[in-house]
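First comes the structure, then the notes that go with it.
The values are calculated or read from the model by the stated rules, or taken from the named source; none is laboratory data. Note that the structure is predicted; figures quoted are calculated from it, not measured. Cβ atoms come from the backbone with ideal geometry, glycine included; neighbour counts cover every protein chain shown.
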Amino acid sequence: MRYFFHLAYRGSRYCGWQKHPNILTVQDTIEGTFSKVLKQPIEISGCGRTDTGVHASQFFFHCDLDHNWDFDALFRINKSLPEDIALFEFFPVAENAHARFDAYSRTYQYFIHTYKDPYLSGLSSLYEYKNLDYEKMNAATQLLIQYSDYAAYCKSPNKYEHTLCFIKEAEMKISPDEKRIQFTISSNRFLSGMIRILVMKILDIGTGNWTLDKFEYHLSHKVTPELIKPAHPEGLYLTRVRYPHLDIPPASKFLETLAF
């Protein structure tokens, strides 16, 4: 029987979601825990692939299980998982349901603080910039919903069949004291490194190291800039995944303490 699993994780100590030999990943950690607790080999398929150090306040994966355990699986799995991964619920779905391919919308949020704060360290990205041009940064953010091809702003555009991403939401918020920034972006898909590269370019626009015209030129002409540097990973969160057959609010409320 196929099941969907709803979880969250703090990605600080993991080399991303996708398992690779000899490195610590979220997927490998979960598969090892599940196989031990449920006493059967487990292979899981996630709703996406977060990069090294990136968090997920909502994430889904699916796997096929023989439901023959006689104990509280949710409780026992959570007891066995490390503290930075939490499983909230799981439920049966159609045999052909797919955590990745069935998702029609993914929302990410990126958090920045511009002053040193030990309580934000590792959970928000520190950029000690002053006098950012928020008007130009917001204009660049609004440009994102006007374009659909993001070949210019990803790590390896040539590895994809196409680089189309249909962005439905792109928003930048500034805290009342103008010391914190919150980006929100929703799309049907994202390319490798795309969000962090875009955030860094928008920050460069705010500091005057990049222009709004250059930003749009590369978007419209699908030409990769000579230098693409991603923003720090710790400020990025996958916060919402939506499916035609289910739309579950995030169970973790932690981001409410970061949002404003």
Please go through region 12-51 and pick out each residue that is surrounded by 18 or more Cβ atoms within 10 Å (Cβ to Cβ), of a type outside the set (A, V, I, L, M, F, W, C) and within 17 Å of V241 (Cα to Cα). G46, G48, T50, D51
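Scan region 79-89 and give yes if some residue there is assigned by TED's automatic domain parsing to the domain that holds I185, among the β-branched types (V, I, T) and closer than 23 Å to P233 by Cβ, otherwise no.
no
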Of L144, L132, which residue is assigned to a helix (DSSP H, G or I), in the same structural domain as H218 (by TED's automatic domain parsing) and not polar (S, T, N, Q)? L144
Scan region 111-132 for residues that are buried (at least 19 other Cβ atoms within 10 Å of the Cβ) and among the aromatic types (F, W, Y) and report the count. 2
Lone qualifier among L164, L144 - being closer than 30 Å to K116 by Cα and in contact with a strand residue (DSSP E or B) (Cβ under 9 Å, 6 or more places away or on another chain): L144
Members of region 117-155 that are free of Cβ contacts under 8 Å to residues at least 40 places away in the same chain and over 30 Å from D84 (Cα atoms): K130, N131, E135, N138, Q142, I145, Q146, S148
